[in-house]
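The structure appears below as structure tokens.
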Amino acid sequence: MQEERAAGPGQAADEPDVAPELTGATSPEPSEQPRERGASETMLAELATLDPDSEEYARLRARIIEDLLPLAIHLAGRFRNRGEPFDDLSQVANLALIKAVDGFDPERGVSFSSYAVPFIVGELKRHFRDKTWQIRVPRRLQELSLQLNRVTDELTQRLGRSPRVSDLAEELGVSEEEVIEGLEAAGAYHSLSLDAPAGGEEGNATLVDLIGDDDSDLNDVEARVALPPLLATLPAREQKILAMRFFGNLTQSQIASELDISQMHVSRLITKALATLRRALLDEE
């Protein structure tokens with residue numbers, strides 16, 4: 001049975017319809033998939049007890065990844081026919097699965113599927129956000145974002161350091177709020193990794209250089225598990241702003257209008273709240 005499952009991932013990558021691969025090649029009984037999931041959970045728990053440098057760890061890790069690859073392929077299949085080659089989507093999903101296996105902690109009390117599925121889907125969505133404009137982005141913000149990408153590396157070379165938001169604002173003759181809004185419109189301010197280049201693949205400046213302590217990884221599932229009790233420790237106003245920003249998907253401008261405060265004030269409050277949450281999460285670890 002194990003050998004049949006091991007062949008599945010290789011076949012799934014080439015098959016147009018990948019959903020059947022989740023349950024094996026031979027019409028399994030309805031109870032088979034739960035048993036396989038249970039086996040993966042058991043192996044993941046065992047993996048957590050092994051020395052990461054040992055051969056036993058490497059063998060078990062490889063087996064777990066191989067057994068779970070059909071899940072990644074299946075999730076990649078949800079994003080078919082959206083303008084991206086399926087091979088590329090499969091690669092993104094497979095890499096996300098590996099990250100999920102390496103980052104999973106059984107002691108958190110969360111099942112692997114509850115942790116991995118949102119994580120893999122999030123990586124696939126990020127893949128699209130990195131390549132395309134988000135929906136309903138105003139034309140002026142699209143143009144501003146392109147200008148920001150162009151001048152970021154120019155300023156990095158000229159100043160000998162990564163430009164700050166204020167540097168970008170002065171160079172383009174716009175306000176700091178507009179710079180932040182332009183970064184956010186392109187997905188750079190919230191959707192990309194903080195270590196991602198802000199000015200294209202050839203650039204040295206990263207988003208963390210531009211926006212300081214603002215955290216772009218609140219969509220991480222493991223963080224979401226730990227966040228609710230930590231959010232409750234924040235002042236009510238900061239709780240509301242974070243909820244509007246990250247769960248209500250409002251822009252900083254929309255939040256500012258709703259609360260009748262400046263966008264810069266909203267930005268500062270978000271930065272302050274995220275820094276508090278980051279410290280609390282690190283203390284928990």
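Return the residues of segment 35-87 that are among the small types (Gly, Ala, Ser), buried (at least 19 other Cβ atoms within 10 Å of the Cβ) and within 23 Å of the chain's Cα centre (by Cα); say none if nothing qualifies.
Selection gives Ala72, Ala76, Gly77.
When you look at Glu238, is it at pLDDT 85 or above, over 23 Å from Glu170 (Cα atoms) and exposed (fewer than 15 other Cβ atoms within 10 Å of the Cβ), yes or no?
Values: at pLDDT 85 or above: yes; over 23 Å from Glu170 (Cα atoms): yes; exposed (fewer than 15 other Cβ atoms within 10 Å of the Cβ): no.
When the stated conditions are applied, Glu238 does not pass them.
Quick check, is Val174 modelled with pLDDT of 75 or more, in a loop (DSSP other than H, G, I, E, B) and crowded, with 16+ Cβ neighbours inside 10 Å?
It is true that Val174 is modelled with pLDDT of 75 or more, in a loop (DSSP other than H, G, I, E, B) and crowded, with 16+ Cβ neighbours inside 10 Å.
Tell me the residue from Leu47, Leu71 that is over 30 Å from Leu146 (Cβ atoms), modelled with pLDDT of 90 or more and either not basic (Lys, Arg) or not assigned by TED's automatic domain parsing to the domain that holds Asn149 (or both), please.
Result of the check over Leu47, Leu71: Leu47.
The values are calculated or read from the model by the stated rules, or taken from the named source; none is laboratory data. Note that the structure is predicted; figures quoted are calculated from it, not measured. So basically every Cβ, Gly included, is an ideal-geometry build from the backbone, and we count neighbours across all protein chains shown.
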